[in-house]
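Chemist: Got a structure for you, written out below as structure tokens; questions coming shortly.
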Amino acid sequence: MEQENLIADFSKLEMKQDLAHDFAHVQRVVAMAKHLCVAEQADVNIVMPAAWLHDCFAYAKDHPERHLSSRIAAQRACDFLSSIDYPAQYLDSIHHAIVAHSFSAGIPPQTIEAKIIQDADRLDALGAIGIARCIQVSTTLERPLYQLEDPFCEQRAPNDQLFTLDHFYRKLLLLSDKMNTESAKKEAQKRTKFMRAYLAQLQREVA
């Protein structure tokens with residue numbers, strides 16, 4: 001417990017990213033990871049540090065080296081864990097779990113613990129909180145909410161580099177099919193259903 005408090009404190013100090021990737025995001029990922037860890041009978045000694053530290057470093061969303069963020073975060077996390085004498089036998093697995101969690105890194109998770117961290121992080125991009133976080137990021141990047149001629153990508157390919165709503169069609173609505181664990185798949189489906197209802201309501205309002 002004492003080590004987990006140290007890990008949480010370090011995570012809080014390191015979270016200096018955009019509003020959507022703050023310490024509250026980390027806390028939600030940790031809570032979901034704990035739930036998935038029990039459901040999937042994974043090793044909590046790997047899951048918890050990885051959940052707390054998965055975003056201890058990240059380039060901005062529009063940075064050209066964004067895909068390298070999880071590698072840097074993984075190394076920074078393991079350096080910190082070594083400094084507090086965290087059991088060394090877990091470090092390689094923690095490193096992999098952090099590296100593999102990133103969507104932009106494109107690295108498949110090889111362990112159940114890595115799958116849980118990826119699922120927990122991706123679930124936070126869905127549902128009510130996912131909608132709010134998407135808008136937060138897009139506002140920071142000064143992207144408009146939607147394209148005027150075809151807001152919901154009915155006749156064009158989505159481009160989330162230009163419009164906020166396009167990110168739903170480019171990534172968010174597809175995440176439920178990419179979940180690794182059965183527990184996460186069920187929750188992702190519920191959250192995705194909510195997001196589709198939000199889009200349907202928004203479509204009625206802008207028609």
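The values are calculated or read from the model by the stated rules, or taken from the named source; none is laboratory data. Note that the structure is predicted; figures quoted are calculated from it, not measured. Every residue, glycine as well, gets a Cβ built from its backbone with ideal geometry; the counts of neighbours run over all protein chains shown. Surface accessibility is based on the protein's heavy atoms, side chains included, excluding ligands, DNA and RNA. Shrake-Rupley method; radii C 1.70, N 1.55, O 1.52, S 1.80 Å.
Chemist: Give me the pairs, please: first residue somewhere in the range 171-192 and among the basic types (K, R), second residue anywhere and surrounded by 19 or more Cβ atoms within 10 Å (Cβ to Cβ) and modelled with pLDDT of 95 or more, beta-carbon distance under 6 Å, and either six or more positions apart or on two chains.
Modeler: K185/M179; R191/L126; R191/G127
Chemist: Another question about this same structure. Answer yes or no as to whether I129 is closer than 14 Å to A50 by Cα, open to solvent by 50 Å² or more (accessible area, probe 1.4 Å) and within 17 Å of the chain's Cα centre (by Cα).
Modeler: Against the criterion (closer than 14 Å to A50 by Cα, open to solvent by 50 Å² or more (accessible area, probe 1.4 Å) and within 17 Å of the chain's Cα centre (by Cα)), I129 does not qualify.
Chemist: How many residues, within the range 13-34, are farther than 17 Å from Q136 by Cα and free of Cβ contacts under 8 Å to residues at least 12 places away in the same chain?
Modeler: Residues meeting the conditions: 3.
Chemist: While we're looking at this one, here's another question. Take residues that are at pLDDT below 90 and tell me which of the helices (runs of 4 or more DSSP H) falling wholly in the range 1-70 contain 1 or more.
Modeler: Of the helices (runs of 4 or more DSSP H) lying wholly inside the range 1-70, those with at least 1 residues that are at pLDDT below 90 span 2-14.
Chemist: Going by what's in this entry, would F23 be described as among the aromatic types (F, W, Y) and within 29 Å of D160 (Cβ to Cβ)?
Modeler: Taking the combined requirement at face value, the residue satisfies it.
Chemist: Next question, about the same structure. Is it the case that some residue within the range 91-103 is out of contact with any Gly (no Cβ under 9 Å at 6 or more places or on another chain), modelled with pLDDT of 95 or more, in a helix (DSSP H, G or I) and over 27 Å from K185 (Cα atoms)?
Modeler: Yes, that holds for at least one residue.
Chemist: Now, a different point. Find the residue count for the range 181-201, including only residues that are in contact with a Gly (Cβ under 8 Å, 6 or more places away or on another chain) and open to solvent by 50 Å² or more (accessible area, probe 1.4 Å).
Modeler: Count: 3.
Chemist: Would you tally the residues in the range 133-154 being open to solvent by 30 Å² or more (accessible area, probe 1.4 Å) and in contact (Cβ under 8 Å) with a residue 60 or more places away in the chain?
Modeler: 4
Chemist: Find the residue count for the range 70-83, including only residues that are among the hydroxyl-bearing types (S, T, Y), open to solvent by 10 Å² or more (accessible area, probe 1.4 Å) and either within 22 Å of H21 (Cα to Cα) or touching a residue at least 12 places away in the same chain (Cβ under 8 Å) (or both).
Modeler: Qualifying residue count, the range 70-83: 0.
Chemist: Same structure again: Here is a list of conditions, (1) of a type outside the set (S, T, Y); (2) within 20 Å of S102 (Cβ to Cβ); (3) assigned to a helix (DSSP H, G or I), and L202 meets all of them except one; can you say which number that is?
Modeler: (2)
Chemist: Here is a follow-up. Among the listed residues Q189, Q161, Q110, identify the single one that is within 20 Å of the chain's Cα centre (by Cα) and at pLDDT below 95.
Modeler: Checking each option against the conditions leaves just Q161.
Chemist: So, I46, is that one β-branched (V, I, T) and open to solvent by less than 50 Å² (accessible area, probe 1.4 Å) or not?
Modeler: Judged against the criteria, I46 is a match.
Chemist: Applying the selection to the range 91-106, what residues are in contact (Cβ under 8 Å) with a residue 40 or more places away in the chain and over 12 Å from the mean Cα position of the chain (by Cα)?
Modeler: S93, I94, A97
Chemist: Could you check the range 84-111 and list, in sequence order, the residues that are among the small types (G, A, S) and open to solvent by less than 30 Å² (accessible area, probe 1.4 Å)?
Modeler: A97, A100, S102, A105
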